[in-house]
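Data first, discussion second: the structure below is written as structure tokens.
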Amino acid sequence: MKVPLALLVLCLLAIPTTLAAQPVTLDFGTLSLDQLTDRASTIVVSTVTSRRAEWENYGASRLIITKVTMAVEQTLKGSAPRTLVVEVLGGTIGDQTLHVSHVPEFKVGDRASCS
């Protein structure tokens, strides 16, 4: 199955951030897919079960983030709980939308896999 690179990168790198529950700044630079895979501590096959946009304070400003809940179907590398919550920048609350270039937008039912 072919997966868009942005979705695969999130699958490979955002999940360890979620598991550790600590903010991490990621600089992908010119990493190849093999390098991203090697650096990932966890790789899973998962399906989006829900998403919820929320306001989050960021210094003196507020940003919209979306919390994406994923059901883990298979762990391909490392270990992962049965359910993951990944936070991505952007989303819609009421009539306000924050769209961030190159950040994947997940829909319920989306499936991410790494093969």
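Computed from the coordinates by the stated procedures, all read-outs in this text should not be read as laboratory data. A quick note: this is a predicted structure, and the numbers were derived from the prediction, not measured. FYI the Cβ positions are ideal-geometry reconstructions off the backbone, even for glycines, and counts take in every protein chain you see.
Laid out as a table, the results:
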{"item": "Some residue of segment 49-68 being of a type in the set (A, V, I, L, M), touching a residue at least 60 places away in the same chain (Cβ under 8 Å), assigned to a strand (DSSP E or B) and surrounded by fewer than 18 Cβ atoms within 10 Å (Cβ to Cβ)", "result": "no"}
{"item": "Scan of segment 70-106 for residues that are hydroxyl-bearing (S, T, Y), assigned to a strand (DSSP E or B) and under 19 Å from S46 (Cβ atoms), ordered by number", "result": "T75, T83"}
{"item": "Subset of segment 93-115 [of a type outside the set (D, E, K, R) and out of contact with any strand residue (DSSP E or B) (no Cβ under 6 Å at 6 or more places or on another chain)]", "result": "G94, Q96, T97, H99, S101, H102, P104, G109, S115"}
{"item": "Close pairs (8 angstrom Cβ cut-off, 6 or more residues apart or separate chains): under 12 Å from V86 (Cβ atoms) in segment 96-107, of a type in the set (K, R) anywhere", "result": "F106/R51"}
{"item": "Segment 69-107, residues that are surrounded by 13 or more Cβ atoms within 10 Å (Cβ to Cβ) and basic (K, R)", "result": "K77"}
